[in-house]
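Asker: Please see the structure below; I have some questions.
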Amino acid sequence: QVQLVESGGGLVQAGGSLRLSCAASGRTFSEYNMGWFRQTPGKEREFVAAISYVSSSTYYTDSVKGRFTISRENAKNTVYLQMNSLKPEDTAAYYCAATRGFAFRTTRLYDYWGQGTQVIVSS
């Protein structure tokens, strides 16, 4: 079993940056593909970024390419999401998740989820 705890959310002005962290418990973190998702009230949770455990290949939704960077540090059981050039439309609750599968963009295939951290981008 894997437990995930996100941190690093907050209030930032448009154009600013935040770095989200997701700390995982368990000795098998390095065997999981990790993803970041976000959700706003009344909308479905959407894929943001993912990083594979095999080669640390990364994947992004189009709206964040060039602005967000996902990375992982297996020695610390942590995955990060560096968010630059933030826009008001990035405002959401951000969740990290873990999966052994490779359908990175498919929410329902993730096995474990954190509790979320709120990001608010003011204009």
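The values are calculated or read from the model by the stated rules, or taken from the named source; none is laboratory data. Given the structure is predicted, the values throughout are model-derived calculations rather than measurements. Positions of Cβ are generated from backbone atoms using ideal geometry, with glycine treated the same way; all protein chains shown enter the neighbour counts. Side chains are part of the model used for accessible areas, which takes the heavy atoms of the whole protein and leaves out ligands, DNA and RNA. Shrake-Rupley method; radii C 1.70, N 1.55, O 1.52, S 1.80 Å.
Asker: Along the principal axes of its C-alpha atoms, what lengths does the range 65-108 span, in descending order and rounded to whole Å?
Answerer: Principal-axis extents of the range 65-108 (Cα, largest first): 32, 27, 19 Å.
Asker: Per residue, how much accessible surface does the chain expose to a 1.4 Å probe? Answer in Å², no decimals.
Answerer: 51 Å²
Asker: Using a 1.4 Å probe over the heavy atoms of the protein chains, calculate the carbon and sulfur portion of the accessible area of the chain as a whole percent.
Answerer: 46 percent
Asker: Quick one: if you stick a label point 7 Å off each Cα along the C-beta vector at residue 84 and residue 3, how many nm between them?
Answerer: 3.5 nm
Asker: Given a 1.4 Å probe and the protein chains all in place, what does the accessible area of residue 99 round to, in Å² to the nearest 10?
Answerer: Surface open to solvent at residue 99 totals about 0 Å².
Asker: Per the Kirkwood formula on distinct C-alpha pairs, the Rh of the range 1-51 is how many angstrom?
Answerer: Taking the inverse mean of 1/r over all distinct Cα pairs, the range 1-51 comes out at 13.1 Å.
Asker: How high is the relative contact order of the chain, in percent, counting Cα pairs under 8 Å that sit 6 or more residues apart?
Answerer: Contact order relative to length: 36 percent.
Asker: Can you compute 3J(HN,Hα) from phi for each residue in the range 102-111, using the Karplus curve 6.51 cos²θ - 1.76 cosθ + 1.60 with θ = phi - 60°, rounded to whole Hz and x for Gly and Pro?
Answerer: Once rounded to whole Hz, the list reads 10, 8, 4, 8, 9, 4, 5, 8, 7, 8.
Asker: Ok, one more. Among the trypsin sites (Lys or Arg not before Pro) within the range 41-123, which fall in a DSSP loop and have no more than 15 other Cβ atoms within 10 Å of their own Cβ?
Answerer: Answer in residue order: 43, 65, 67, 100, 105.
Asker: Mind checking the log10 I(q)/I(0) for the chain at q = 0.12, 0.13, 0.17, 0.21 Å⁻¹? Debye, one equal scatterer per Cα, no solvent, two decimals.
Answerer: Those come out to -0.38, -0.44, -0.77, -1.18, one per q.
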